[in-house]
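Taking it in order: structure first as structure tokens, then the write-up.
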Amino acid sequence: MAGVRRWQKLLWGTTFTVVFALAAVGAGGYALFGVDGQDPLRKVDAIIVLGGEHDGREQYGIRLAQEGWSDTVVLSNPYDRSDRTMQELCDTRTDGITVTCEVPAPSTTRGEAIFTERLARERGWRSVIVISWSYHLTRSRYIFDNCFSGETVMRAVPREYDYGPADWELIYLYQFFGTAKAAMQGTCS
């Protein structure tokens, strides 16, 4: 009988711990990564579109340029050379807007912040708009603050996310670990 009670206590303790951990990741993740972290738009020297899904981010960056927020769009291009979207968009010039592509090294947000700093030094940029997923803005801002000496305006890809609770748990967990990694890496200089 004592063995059964011990197993019951262990089962209840484990269940409580798992439920508490999931709730903490969900609540903390929502507070840090789920709340709108966008900045108001303003004119900048360049628009930087971070890699990710082809979910309209590239077109959003170009649209912001067409609206007059900048005349330069830089698309991060960590994709395979056969990527059709990037083939169509890279190194184009339309309506006075220059669109270029950069391969980040490393192929991470940190690599994108590093190439942004390099381009800013080469071209005299002092400010950029950075475009990514809404839940990635907090981590992106932290990394760009550590690696880019200019000012950033963070903007989310205008889209809906059709994710369930388990998906959000994984997304938030990934963002927590990515932010911790960025904190351990420190500045890029």
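The values are calculated or read from the model by the stated rules, or taken from the named source; none is laboratory data. Keep in mind it's a predicted model, so treat the numbers as computed, not measured. Methodologically, a virtual Cβ is constructed for each residue, glycine included, from the backbone with ideal geometry; neighbour enumeration extends over all protein chains shown.
Listed residues Arg5, Arg42; which is modelled with pLDDT under 90, of a type outside the set (S, T, N, Q) and more than 19 Å from the chain's Cα centre (by Cα)?
After applying the criteria, what remains is Arg5.
Yes or no, residue by residue, for (1) modelled with pLDDT of 95 or more; (2) under 12 Å from Gly34 (Cα atoms); (3) in contact with a Gly (Cβ under 7 Å, 6 or more places away or on another chain):
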residue	(1), (2), (3)
Glu117	yes, no, no
Glu122	yes, no, no
Val128	yes, no, yes
Tyr135	no, yes, yes
Glu151	yes, no, no
Asp167	no, no, no
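Can you name the number of the only condition in (1) assigned to a helix (DSSP H, G or I); (2) touching a strand residue (DSSP E or B) at 6+ places or on another chain (Cβ under 6 Å) that Trp12 fails?
Status for Trp12: all satisfied but (2).
When Thr187 is evaluated against the numbered criteria (1) more than 29 Å from Ala24 (Cα to Cα); (2) among the polar types (S, T, N, Q); (3) surrounded by fewer than 19 Cβ atoms within 10 Å (Cβ to Cβ), which criterion, by number, is the only one it fails?
Going through the list (1) more than 29 Å from Ala24 (Cα to Cα); (2) among the polar types (S, T, N, Q); (3) surrounded by fewer than 19 Cβ atoms within 10 Å (Cβ to Cβ), Thr187 breaks only (1).
For residues that are basic (Lys, Arg) and in a loop (DSSP other than H, G, I, E, B), scanning just the range 34-69, find the one that is farthest from Ile171 (Cα to Cα).
For the range 34-69, the residue satisfying everything is Lys43.
Determine which single condition Met86 fails, assuming it passes every other condition in (1) surrounded by fewer than 16 Cβ atoms within 10 Å (Cβ to Cβ); (2) of a type in the set (A, V, I, L, M, F, W, C); (3) free of Cβ contacts under 8 Å to residues at least 60 places away in the same chain.
Result: Met86 passes all but (1).
Please go through the range 54-90 and pick out each residue that is charged (D, E, K, R) and farther than 19 Å from Arg110 by Cβ.
Of everything in the range 54-90, those that are charged (D, E, K, R) and farther than 19 Å from Arg110 by Cβ turn out to be Asp55, Glu58, Arg63, Glu67, Asp71, Asp80, Arg81, Asp83, Arg84, Glu88.
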